[in-house]
Structure formats: structure tokens, C-alpha cells
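Notes for the one structure printed next.
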Amino acid sequence: MHKPMATTWLLLLRFGLIALFASAAQAAVVEHTFNLGNLSISQLCKPARIITAVNGRLPGPTIEAREGDTVVVHLVNGSPYNMTIHWHGIFQRGTPWADGPAMVTQCPIKPGANYTYRFDVTGQEGTLWWHAHISFLRATVYGALVIRPRGGAKAYPFPTPHREETVILGEWWNANVYDLEQMAFLTGIPAPHADAYTINGKPGDFYNCSHANQTHKFQVQSNETYLLRIINAALNTPLFFKVANHSFTVVGADAAYTTPYETDVVVIAPGQTVDALMVAGAAVGRYYMAASPYDSAIPQGPEFSKTIGTALVEYIGSTGEETPQLPWLPEYTDTDTAFRFLSNLTALVLPGKPTVPLSVDTRMFVTVGLGVSDCQPRQLFCNRSGTVFSSSMNNASFVLPTAVSMLQAHYNNASAGVYTRDFPDRPPVIFDYTADASNNATMQFTNKSTKVKTLRYNETVEMVLQNTRLIAKESHPMHLHGFNFFVLAQGFGNYDAKTAAPQFNLINPQERNTVAVPTGGWAVIRFVANNPGMWFMHCHFDAHLDLGLAMVFEVQDGPTAETSVPPPPADLPLC
Ligand code: C2O
């Protein structure tokens, strides 16, 4: 009597466990609560200061998911500021209301209010991140978003590393960043540069003051392989990244696998991520990991922080007393090194992954750069000519609406007074974009507007991004929400289709969500508009985004409910 019972139990248990494992391999729900609030923190020997942070941490929590999982984040805004969070690089297919840029896909979450972000991570593996998408608040409101393959770390298309480390590069200000943004807007004078670069929130040993607990430490075991998930969360600075006596094999960027690429320096613009393998193959001891700025502006603009942020790589077995070695770092203006790294990456072509579309429906040629605009009514200070710094795409300087989000206006067929559908496919004037002689008051002038480019569902777009010499040439990190794009080619000077087109990489171009357009140069990107909604495209320097270096793609609904913008979630914040 008892024996069969026991067998049945065993069988049940076995099947139960099998069912459990089977469902663990299926999509899971990864749920977090983000409590936004004040954090008192002291950096660089300054008196403690209040910043806005998630769950009392800087950087905020890492979200870890597997491909196909659903991520649910309950945002509880206990901060004194209006807030939104953007899941940088996530496609948000079918969930455009969860994308996060303030006034593009949602109104801000007011102090004391809540909003739940709910989205799937499908068709993407690698390192992405999340950050505030309002004012300059992402300076302290950011964290990593790691997506592993369904089969876990064993399923990487490269040798399984022994360990993984998240390396988030950031910037630190001694002043309140919300006030800095307000001042920059009211005066038309760009906000001052950061006071320090940070690695995992900490500035390291090369600042005036370095007391205990200001340096992040990575412990490594000799001869083990580490997967470094490097994220540039800095507001305004592209960075060089090195570890003394170590080199890297890059295996991914912007959550897309790359052909393994050997290098001893990683170059990473704000918004970008790089996944790199590093073997702990040096002598047992201590080594600095360092991030130093790449200042691409020609001529050089306002003073920038010529300092370096560091962390420590400490071998197990070291005494902890060794003087760490510092890596040799490129010059601040080393465009050759930046271009070599950024243009040499190629995609790892895998079965089932999207490939570059070979036919194009819409061709756009878009200038990106700085300029001037008329002083706005709220601006307190203006220079003598009555203009303020501005920036634009195709000479349209983007301003966010204030009464309703663009996605709500789109969904309700009520664009009137919110945006217009006349973002141009070409600049209003053809000129010598990168010549010093073009930099005059007439060419610099741009008007404020809220223009979108409307695309049919599934249309293929090719966009040439052309930097200008107006005010200064600079490498603008252009980020597109809602899609990855393929980077077909990049170069310096004015784009010339005749010489560039034959050099397009149509075999294995790198796939990205943010491209650092070379300073005084151009980049060609292609994407398929297979995601209905309102998708922000902008420079990932917050200083430039604020000045208007942005536009929005309005992607129309497809033929089915699944290919249409769904109704907004019930808790969507209203303005
Ligand atoms: Cu990471 Cu619209 O930005």
C-alpha cells in the first residue's frame, strides 16, 4: 500500500521539478520597485549633499533578465522632482508607453506619484541601461540592464567567462544638476563641465581629495576571464577606457554581438555600451582601470574637465600595498584612436538575427550641430545680438511640448498644436557643412519647433547624419529610441554619395542604438520602421539635447492590433 504511494510521490515530485525547470527556462517576470528619493552623499571631500537616487544607491540597481523575459518596474517617485525613466536600447515593441522620454511618450511622474513600466526584452542580448529622461537628472539616476541569452551564460557566442562585472562610467557634479539645467535654460549659457568622472559611482584616486571608499575595487583571480559590461552614463563626455597591463576582446556593443575585436583601449560615447572580455593575465598585483575624456570639439569649446576617473583591479594574492600602475591614456583630442575603435567594429552575423535591409524606401540627409536661436521669452539673459546657444537637426531646433505627450497626441489623432509633420528630409540650404568659412551668423541661425518625420509601418529608412562646423565641429552621439540601426559607413568631411556608397558595409555592419558621428564628419545608418509609436532621436549629450539637437519619428500603425499602438496603461501619468 505504501510503496506505490511513495512511487507516485516520487513521480509527482520529478514531474513537478521538471515542470519547474521547464518554466524557469521559459520567459520569466523580472520585477523591481524603484523608490526614487533623496540620498545624502559626500564625494571629493565636499560636505554631504543631497542627490536624487533609486533605492538609495549610486548607481541604481542592476536589472538582470534573460532574452524573452518581461520586466516590470514600479516607479515610486519620492523625490522632489518630476521624473521619468528610459530603458535605453530596449525596443519597446508593443509597449511604446513604457519608453520614458518626458513629453515624448509620457507626461512626467509627479513627486508623490507612481507609474509601472512593463515591457518585454525580446530579440536582444547584452548590456543596456536605464536612466532618468528629464532635465539633467540622469546624472545620478541610472543603472545597468543586463540581458543574458535564454540558455544563460553558457549560450554566449564566445567562450563562457568565469565572471561578469558591470562597469558604469559616469560624471559627478558638486552642484545640484537640476539647478544647473534650469540655469542653462534661463541664461542660454551651457552648463559647466562635470567635477569628476566616476566608475561605478566613485571618482577614484586622481582628484584633489581621495579619502577612503571613493574608489571602486574589482577583485580578480589570476588567469580567469572577465566579461566587462561597460556603460557610458556620462552626461556630456565620450570616454577612453583602459586597464593597465591588460587588453580586451570586444564581443558586443549596444546589446548586439560583434566580431571579436582585440584592443587595449575601448572608446565609448554617452549612451553606448561595450561588452569586452578581459583575461586577468598580468602579474599578481594592483592595476588602475581608468576613464579619460575624449574632447572632439574643433575648435575646442568651453573648458572641459581634464581629469581621469579610476577604479582598482586587485588580484587575489596581492598584498593590497602595491602601488597600482596607471595605464597610458590617449590624448584628450585623439580622434584617430576614437575613429579607429568606433569604425572597426563589425556585427557577428548569427542565424535568425536581423540583417541589414538592402532596399531603401526613404532617404534622409540630416545635418546635426550647434547654432543660435532667438532668445526665448523665459530666458533672463541674452547676448547683445539677442540670440542664445541652440542646436538642431536639418536646422530645426527641437522643443518638447508642454500640455500633452506626443504619443498621446498621436494616439488620439490630435497632433494640432502639439507637433507638425514637416521634419525635412534635407537641410533647407546646401552648403559646405564642415568648412570654417561656413560658420557665420546667417548659417548658425535656427528656429525652435516640434517637427516629426512620419513613416509608414515597415518602411526602410536610410539616414546620412552630417556634422556641421557651425560654432564647432564635434562628435555627436546620436541615439534612436525604439530601434537598432545598422551603421553602413562613417567618414570625415562632407558626405559624398559617389565615393561613400561603394564602401557601405552590407555584409556585417555593426548594429547600434547610438552612433558617435565623427567630428566634422558623417555616418550612414539604416533601420526598418517596424515599431509603431513616437520615437525620439537625439544627441546623447544632455547639454545638446536641451538646446534642441533632436527630432521624433512618428511610425504609423501596421495592419493588425499587434502592429498598432495599444491603448495607454491605466496609470499613465497625465500632465
Ligand atoms: Cu539614453 Cu533618449 O536616451
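The values are calculated or read from the model by the stated rules, or taken from the named source; none is laboratory data. Fair warning: this is a prediction, and the values are worked out from it, not measured in the lab. We place every Cβ from the backbone using ideal geometry, glycine too, and count neighbours over all the protein chains shown. In case anyone asks, the SASA skips ligands and DNA or RNA and just uses the protein heavy atoms, side chains included. Shrake-Rupley method; radii C 1.70, N 1.55, O 1.52, S 1.80 Å.
Kindly evaluate F541 against the criterion of being within 13 Å of T105 (Cβ to Cβ), modelled with pLDDT of 95 or more, within 14 Å of the ligand (Cβ to nearest atom) and within 20 Å of the chain's Cα centre (by Cα).
Values: within 13 Å of T105 (Cβ to Cβ): no; modelled with pLDDT of 95 or more: yes; within 14 Å of the ligand (Cβ to nearest atom): yes; within 20 Å of the chain's Cα centre (by Cα): yes.
Criteria not met by F541.
Of the residues T454, T442, which is open to solvent by 20 Å² or more (accessible area, probe 1.4 Å) and without any contact (Cβ under 8 Å) to a residue 12 or more places away in the chain? Walk me through it before giving the result.
Values: T454 fails: without any contact (Cβ under 8 Å) to a residue 12 or more places away in the chain.
Going through T454, T442 in turn, just one is open to solvent by 20 Å² or more (accessible area, probe 1.4 Å) and without any contact (Cβ under 8 Å) to a residue 12 or more places away in the chain: T442.
Within segment 410-433, is even one residue touching a helix residue (DSSP H, G or I) at 6+ places or on another chain (Cβ under 6 Å), among the hydrophobic types (A, V, I, L, M, F, W, C) and assigned to a loop (DSSP other than H, G, I, E, B)? Let's see the steps before the verdict.
Filtering segment 410-433 for residues touching a helix residue (DSSP H, G or I) at 6+ places or on another chain (Cβ under 6 Å) gives 415, 418-419, 431-432.
Now narrow it down to the ones that are among the hydrophobic types (A, V, I, L, M, F, W, C): 418, 431.
This time we only want the ones that are assigned to a loop (DSSP other than H, G, I, E, B), so: 418, 431.
Yes, segment 410-433 has at least one match.
Going through I109, I90 one at a time, which residue ends up being under 21 Å from T514 (Cα atoms) and either surrounded by 24 or more Cβ atoms within 10 Å (Cβ to Cβ) or acidic (D, E) (or both)? Explain how you work it out, then say what you get.
On the way: I109 fails: under 21 Å from T514 (Cα atoms).
Only one candidate qualifies: I90.
Could you tell me how many of the residues in segment 267-285 are over 20 Å from A338 (Cβ atoms) and of a type in the set (V, I, T)? Even if it seems obvious, please write down each step before you answer.
First, pick out the residues of segment 267-285 that are over 20 Å from A338 (Cβ atoms): 277-285.
Adding the requirement that they be of a type in the set (V, I, T) leaves 279, 284.
Residues flagged as over 20 Å from A338 (Cβ atoms) and of a type in the set (V, I, T) within segment 267-285 amount to 2.
If I ask for residues that are out of contact with any Asp or Glu (no Cβ under 8 Å at 6 or more places or on another chain) and open to solvent by 20 Å² or more (accessible area, probe 1.4 Å), which ones from segment 545-569 would you list?
Once the filter is applied, which keeps residues that are out of contact with any Asp or Glu (no Cβ under 8 Å at 6 or more places or on another chain) and open to solvent by 20 Å² or more (accessible area, probe 1.4 Å), segment 545-569 yields L545, L547, Q556, D557, P559, T560, A561, E562, P566, P567, P568, P569.
How many residues are touching a helix residue (DSSP H, G or I) at 6+ places or on another chain (Cβ under 9 Å), under 22 Å from I41 (Cβ atoms) and open to solvent by 30 Å² or more (accessible area, probe 1.4 Å) if we restrict to segment 158-174? Don't jump to the end; show me each part of the working.
Step one: filter segment 158-174 for residues touching a helix residue (DSSP H, G or I) at 6+ places or on another chain (Cβ under 9 Å), giving 160-161, 164, 170-173.
Subset that is under 22 Å from I41 (Cβ atoms): 170-173.
In the following step, the residues that additionally are open to solvent by 30 Å² or more (accessible area, probe 1.4 Å) were identified as none.
Qualifying residue count for the region: 0.
When you look at T402, is it open to solvent by 80 Å² or more (accessible area, probe 1.4 Å) and part of a helix (DSSP H, G or I), yes or no?
Details: open to solvent by 80 Å² or more (accessible area, probe 1.4 Å): yes; part of a helix (DSSP H, G or I): no.
It is false that T402 is open to solvent by 80 Å² or more (accessible area, probe 1.4 Å) and part of a helix (DSSP H, G or I).
Answer yes if at least one residue in segment 431-439 is farther than 17 Å from P518 by Cβ and either touching a Pro at 6+ places or on another chain (Cβ under 7 Å) or among the hydroxyl-bearing types (S, T, Y) (or both), and no otherwise.
Looking through segment 431-439, at least one residue is farther than 17 Å from P518 by Cβ and either touching a Pro at 6+ places or on another chain (Cβ under 7 Å) or among the hydroxyl-bearing types (S, T, Y) (or both).
Going through A409, A416, A435 one at a time, which residue ends up being open to solvent by less than 80 Å² (accessible area, probe 1.4 Å) and farther than 30 Å from F492 by Cβ?
Working: A416 fails: open to solvent by less than 80 Å² (accessible area, probe 1.4 Å); A435 fails: farther than 30 Å from F492 by Cβ.
It is A409.
Run down R526, R512 and say which single residue is within 16 Å of the ligand (Cβ to nearest atom) and more than 28 Å from V404 (Cβ to Cβ).
Details: R526 fails: within 16 Å of the ligand (Cβ to nearest atom).
The match here is R512.
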